[in-house]
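Working notes, beginning with the structure itself.
Laboratory data are not the source of any read-out in this text; all were calculated from the coordinates shown. All of these numbers come straight from a predicted model, not from anything done at the bench. In this analysis, Cβ positions are derived from the backbone assuming ideal geometry, glycine residues included, and neighbour counts consider all displayed protein chains.
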Amino acid sequence: MSTAAEARPEMVGARLADYSPGTIVVKTSERKLYLILDSGHAVRYPVGVGKSGKQWAGTTRIDGKYRNPAWSPPAEVKRDKPQLPDVIPGGSPRNPMGVAAMTLAGGEYAIHGTNVPGSVGGFVSYGCIRMLNDDITDLYSRVSVGTTVVVTR
């Protein structure tokens, strides 16, 4: 499993080479996120993705970037886990957003870190893309608001 310290460009297959440099591509079935660098290279990160019934696919963009964000559970999460507080402060070890989050336009999803590193690599979320804290820190520094995000199954 790669970490930000090991995040190096690698050769990518033809399907990824079709995306423009700077695009984030999440392959849900692989549980991998790729940041496209050029037509033949990308940085690959392991991710946790939506559990059964919570996965989605489509194209969106990053509409916000936040360090140590507070988290309010969306209505669906709160319905399933009513014991959760209405807000978990940023920096709290109980905060599921980890050290950084990038919100995605058009919904309640984000690409974010986690304080539960063992969950990365699985089908674990309500639709968010979960990364190791070192990896979200690396990706956060490489992209900006407006970056295109493509999620495939």
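For region 26-40, the Karplus equation 6.51 cos²θ - 1.76 cosθ + 1.60, evaluated at θ = phi - 60°, returns couplings of 10, 9, 4, 4, 8, 6, 9, 10, 10, 9, 6, 9, 7, 5, x Hz by residue, with Gly and Pro reported as x.
Assuming a ≥ b ≥ c are the square roots of the Cα gyration tensor eigenvalues, decide whether region 95-153 counts as rounded (a/c under 1.5), prolate (otherwise, with a/b larger than b/c) or oblate. Judged from the Cα gyration tensor, region 95-153 comes out oblate (a/c at least 1.5, b/c at or above a/b). Taking the dipole about the Cα centre of the chain, with the C-beta of Lys and Arg at +1 and of Asp and Glu at -1, give me whichever of Thr147, Cys128, Ser20 is farthest to the positive side. Checked the options; the winner is Cys128. Springs between Cα atoms under 10 Å define the GNM used for the chain, and in it the highest mean-square fluctuation of Lys65, Lys81, Lys51 occurs at Lys81. How would you classify the chain from its alpha-carbon gyration tensor, with a ≥ b ≥ c the square roots of the eigenvalues: rounded for a/c under 1.5, else prolate if a/b is greater than b/c, otherwise oblate? It comes out prolate by the Cα gyration axes. Springs between Cα atoms under 10 Å define the GNM used for the chain, and in it the highest mean-square fluctuation of Gly121, Gly48, Gly98 occurs at Gly121.
Among 104-110, 21-27, 143-149, 124-130, how do they line up by average Cβ neighbours within 10 Å per residue, starting with the highest?
On the way: 104-110: 17.3, 21-27: 19.0, 143-149: 15.4, 124-130: 22.3.
Averaged packing, sorted descending, gives the order 124-130, 21-27, 104-110, 143-149.
With each label modelled as a point 7 angstrom along the Cα→C-beta vector, the Arg153-Val116 pair spans 2.5 nm. For the chain, a crude dipole built from +1 on the beta carbon of Lys and Arg and -1 on the beta carbon of Asp and Glu, taken about the Cα centre, is about 300 debye to the nearest 20.
Taking Ala101, Ala17, Ala75 in turn, the Gaussian network model of the chain (Cα-Cα springs below 10 Å) assigns the largest fluctuation to Ala75. Here the Karplus curve 6.51 cos²θ - 1.76 cosθ + 1.60, taken at θ = phi - 60°, turns the phi angles of region 91-102 into couplings of x, 5, x, 8, 6, x, 8, x, 7, 7, 8, 10 Hz, with x standing for Gly and Pro.
Taking θ as phi - 60° and the Karplus parameters 6.51, -1.76 and 1.60, the scalar couplings of region 138-146 work out to 5, 4, 3, 6, 9, 10, 10, 4, x Hz in sequence order, x denoting glycine and proline.
Taking amide H positions as modeled 1.01 Å from N, with prolines and chain starts lacking one, the residues under 5 Å from Val26 and 5 or more places away or on another chain are Tyr34, Val150, Val151, Thr152. For region 74-126, the square roots of the Cα gyration tensor eigenvalues, ordered a ≥ b ≥ c, give a/c below 1.5, which places it in the rounded category. A helix-only calculation puts the chain at -3000 deg cm²/dmol for mean residue ellipticity at 222 nm, using -39500 (n - 2.57) for each DSSP H run of at least four residues, averaged over all residues.
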